[in-house]
Amino acid sequence: MKPNPHIRTASPGDCRAIAELALIAGEGIPAYFWEPSRRPGQAIEEVGAARLLSETENFSYRNIQVAEVDAAVAGMLLAYRLPPPGPAEDLSGLPDFIRPLIELEAQVAGSYYINMLACFPRYRGQGIGTALMGGVDDLARREGCDLASIMVFSENRGALRLYQRLGYTVAARRPVIPHACHPYTTGEVLLLTRSVSGHF
């Protein structure tokens, strides 16, 4: 029997669990960016948890919905409104592998962007991701958005199937740029979008 998760807005006390989920969702990329801030002996999850306490950055507990099962955090969704279109971002200081993501993100300026979706392995296959995605329409409307967007590596077939089942379609793509921090060496980065006016 599948659990009936309780979906709520995250709080500062959730940050350690969310950091662990971010490492799952990012498949190595968050750790790459957190590592320079890690102190000797400090767990990488602690670095992420500290960053999640931000009151100004998009990577913040303020932009996260968590799914609870039996009062424990089972999964999370990080999403927020992207800024409106503006001058092209200078990508020269960024590592090569992140550039396709920034380029694709620029194509959906002003949309409600789903940055991360993840659940702990023991809760997979129980509808947690679908339950979290089910709240996207309301969250997007609250931010004044009529379009939701999300990116996925084409080789992450399970995630891609979920998003397509929920009505997301491919709007743009870029070739994957391999890097030691993530597992993908082939395929594409896919930008998927969906009107928030529909229903799951």
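Readers should treat all values here as calculations from the given coordinates under stated rules, not as data from a laboratory. All figures in this text were calculated on a predicted structure; none of them were measured in a lab. Using ideal geometry, Cβ is built from the backbone for each residue, glycine included, and neighbour counts are taken over all protein chains shown.
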Checklist outcome for this item: For Tyr113, the residues 5 or more places away or on another chain with a placed amide H closer than 5 Å to its own amide H are Tyr80, Arg81, Leu82, Ser149
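Could you give the size of the charge dipole of region 54-177 about its Cα centre, using +1 on the Cβ of each K and R and -1 on the Cβ of each D and E, expressed in debye and rounded to the nearest 20?
Result for region 54-177 is approximately 500 debye, rounded to the nearest 20.
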Checklist entry - To the nearest 500 deg cm²/dmol, what mean residue ellipticity at 222 nm is calculated for the chain from DSSP H runs of n ≥ 4 alone, each contributing -39,500 (n - 2.57), summed and divided by the residues? => result -7500 deg cm²/dmol
Item to check | In Hz, Karplus ³J(HN,Hα) per residue of region 84-92 (6.51, -1.76, 1.60; θ = phi - 60°; x = Gly, Pro) | outcome: x, x, x, x, 4, 6, 6, 9, 5
Checklist outcome for this item: Low-density loop GluC sites (Glu not before Pro), region 1-47, at most 16 other Cβ within 10 Å, DSSP non-H/G/I/E/B, are Glu27
Next on the checklist: Whole angstrom only: what separates the Cα centroid of region 136-159 from the Cα centroid of region 169-187?
Outcome noted: 18
Checklist outcome for this item: Per the 1/(1 + (r/R0)^6) rule, R0 = 22 Å and r from the Cβ atoms of Ile44 and His179, FRET efficiency to 0.05 is 0.80
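What number in nm² do you get for the chain if you take the convex hull of its Cα atoms and divide its surface by four? Can you show the working numbers first?
Values: hull surface 46.7 nm².
Mean projected area of the Cα convex hull: 11.7 nm².
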Checklist outcome for this item: If the label point sits 7 Å along Cα→Cβ of Glu55, residues of region 6-26 with amide N under 14 Å come out as 12
Item to check | Tail weight of P(r) past 22 Å, computed on alpha-carbon pairs of region 107-177, percent | outcome: 24
Checklist outcome for this item: Checked against the positive end of the charge dipole of the chain (+1 on Cβ of Lys and Arg, -1 on Cβ of Asp and Glu, about the Cα centre), the farthest of Thr193, Gly158, Ile24 is Gly158
